[in-house]
Amino acid sequence: MQTPLSSPQKKDTSIKKVAILFSGGPAPSANAVIASAATCFARAGIEIYGMKNGYSHLVDFQSDKPLVEGQDYVRLDKMNLEGMRTAQGICIGTARANPGKALKTHTDLADEVKTAPMMTVYNALNSLGIDALISIGGDDTLTTAAKFKLFMDKMPEGQKRIKVVHLPKTIDNDYEGIPFTFGYFTAVELLSKQLRNLLADSEAAGGGFVCQLMGRKAAWLAYGAAVAGEASLVIGLEDVPEEWQTTEETLDPETGDVMLDDHGKPLMRMVFDIKKIVDHCVDVVLAREAEGKNAFVAVISEGLAEYLPLSEIKMCVSDDEYRSLKPDTFGHFPVSQLKYSSRLGRLIAEEYKRRTGRSRKIVGLQFGYEVRCNAPTAFDVILGSQIGVGCYRALCELNLNGVMISVAGTMNLTYPTFEELIAMEKLRAYARPIAVGSDMHQLARYLEAWV
C-alpha cells in the first residue's frame, strides 16, 4: 500500500547503463546534481558511469584502446556518495571539448567528416554498453546534446540509439527554460559579500570601485550581485541602447591587418561609445553625493568588453597582451582576458574631476573564477538535487528523450524539449539576457540613486 512515506517504485526500463558528464566552466552545487542522479540510478539497480573531464576522453576514443576505469571514467554506483551533495568542486571533473563544434546546420548532419567526432563519442559510449547519456553544462553543451540527439535520430534502423537528456548549468543564469540555474545564487552570495566589503572601504577611505563581473551574454550575475550587495549601480550589455552603438573594422591585434569576412569584405564589429557609460556613472556619483552618500561601488558585466572600440581595448591591456588577443569569426574578443574595469575607473575619475574640480580615486577590480567552486548555498543544493533526481525520473519513469531537466514554481520538475530551447535552423541555444524593462531589471533602477 502506497503512503506519503513510501519509497519510489523501481520501474521496468530498458536502460541498464547510464553515462553522465560535466562540460564547461564549474558551478557551485555541481556535486549535488551528480550525486543525486547517481544515487537514484544506483538504488534502481542501474549502473552509472561518470565520464571524467567532459567529452575529452570520449572524443579521443580509439577502438583498439578501450576506455579505462579510473582514468577515463568512474563507476559512480560503486562510490560512497554520502556527503557529496554539499561538497565543493566537480567529482568527475570538467573540460570544454565539443564534439558538435563542426555541425552548424542540419545539412552538416549528413557529412561524415563533420559528424566524425559524434560517431567517435557514440562508439566510445557503445563500448561501455551505455543506454543513455546525461550532459551537464551551459548553452553550448545543451546544443551539443541536441546535436547528439539529432545524430542518433539519423542512425540506421536497427542500430542502437543512445538516449540523451541535458541538465542546465551556468552561474550566468542566461538559460531559456528554467527560472534560475544551480550555482547562480551561490555565486551571487559570495559576490555580494565582496561588494559590501568594498562599500565599507569606500565609505571609510573616500575612494570608489568599478567591479567587472562574469556574464558575457547576459547580466544576471551582475544584477543579482549588485542588488544583494547594495552596489551603487549596475550596467550590463543589455543596457547599451542602439544610439550608443556604431561599427568599426576588426583588426588582427597581432598583425594590425583588417580581418575579412567570408565574402572578402572587411569584418565589421559592433562597438559602443564608452563615454556614455562614463557619463552615467558620474551622474550616479553626483546624485548619491546629493543624497549625502559618499560610498561608490559600480558593477559592470564583462560582456561590455566584447564591444569596446579597439582603441579602448589597447588602453586596457599591455602591448603583449593586446597582440595575443584572438578575435573570433564575428570579430568578438575573449572577454575574460579584457580587464577593462581599471580603465573605466580612471575615465570616471577624470570626468568627475572635470565636472567638480575635485579628485577621487576609482579602482577597477575583476571578479570571476573565485565564485565558480564556492561551497553551495542550501538553495542551490536543493535545486541541484532536484535536477539530478529529475534526470532519473525523465529517463526511467517517463521514458523521455531529447529533453532538458528544469524546475518551475516550488521546485516542480518540468521537461522542456530541445526543440523548445534551441533555434533548430541554426543549431544554437536561445540566449536569455535580462529583459530591459522587466521587473528584475527595474529592481536595480529603483534602488539606485535616481538621476
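The values are calculated or read from the model by the stated rules, or taken from the named source; none is laboratory data. The structure displayed is predicted, hence computed values, not measured ones. Cβ sites come from the backbone with ideal geometry, for glycine too, and all protein chains shown count toward neighbours. We work out accessible area using only protein heavy atoms, side chains counted, and drop any ligands, DNA or RNA first. Shrake-Rupley method; radii C 1.70, N 1.55, O 1.52, S 1.80 Å.
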Practice prompt. Select from segment 289-319 the residues that are of a type in the set (D, E, K, R) and more than 25 Å from E249 (Cβ to Cβ) and write down the one among them that is surrounded by the fewest Cβ atoms within 10 Å (Cβ to Cβ).
Written response: E291
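Could you list, in sequence order, all residues of segment 59-89 that are touching an Asp or Glu at 6+ places or on another chain (Cβ under 7 Å) and either among the β-branched types (V, I, T) or at pLDDT 95 or above (or both)?
Result: R75, single match.
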Discussion item. Tell me which helices (runs of 4 or more DSSP H) are completely within segment 302-367 and hold 3 or more residues being of a type in the set (D, E), or say none if there are none.
Written reply: 319-324
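Do we have any residue at all in segment 412-423 that's aromatic (F, W, Y), assigned to a helix (DSSP H, G or I) and either over 20 Å from the mean Cα position of the chain (by Cα) or over 30 Å from V285 (Cβ atoms) (or both)?
Among the residues of segment 412-423, at least one is aromatic (F, W, Y), assigned to a helix (DSSP H, G or I) and either over 20 Å from the mean Cα position of the chain (by Cα) or over 30 Å from V285 (Cβ atoms) (or both), which makes the answer yes.
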Item to complete: Take A95 and decide whether it is open to solvent by less than 50 Å² (accessible area, probe 1.4 Å), part of a loop (DSSP other than H, G, I, E, B) and under 19 Å from P26 (Cα atoms).
Response: yes
Practice prompt. Could you please tell me which pairs satisfy a Cβ distance under 7 Å, a separation of 6+ or placement on different chains, a first residue in segment 237-255 that is among the basic types (K, R), and a second residue that is assigned to a loop (DSSP other than H, G, I, E, B) and at pLDDT below 95?
Written response: none
Worksheet, complete the sentence: Among residues of segment 189-208 being open to solvent by less than 10 Å² (accessible area, probe 1.4 Å) and within 21 Å of the chain's Cα centre (by Cα), the residue nearest to Q366 (Cα to Cα) is L191
Worksheet item: Assuming C373 fulfils every condition listed in (1) assigned to a helix (DSSP H, G or I); (2) in contact with a Gly (Cβ under 6 Å, 6 or more places away or on another chain); (3) open to solvent by 20 Å² or more (accessible area, probe 1.4 Å) apart from one, which condition is it?
Response: (1)
Worksheet entry | Single residue of G384, G357, G331, G368 found to be under 23 Å from the mean Cα position of the chain (by Cα) and either surrounded by fewer than 17 Cβ atoms within 10 Å (Cβ to Cβ) or farther than 30 Å from E249 by Cα (or both) | G384
Worksheet, complete the sentence: When (1) among the polar types (S, T, N, Q); (2) farther than 19 Å from G364 by Cβ; (3) under 27 Å from the mean Cα position of the chain (by Cα) are applied to T255, the one that fails is (3)
Discussion item. When you scan segment 285-297, do you find a residue that is part of a strand (DSSP E or B) and touching a Cys at 6+ places or on another chain (Cβ under 6 Å), even just one?
Written reply: no
Item to complete: Report those strands (runs of 3 or more DSSP E) wholly inside segment 149-235 carrying at least 1 residues which are farther than 19 Å from C281 by Cβ.
Response: 163-168
Worksheet entry | Candidates D108, D77 - the one that is open to solvent by less than 30 Å² (accessible area, probe 1.4 Å) and in a helix (DSSP H, G or I) | D108
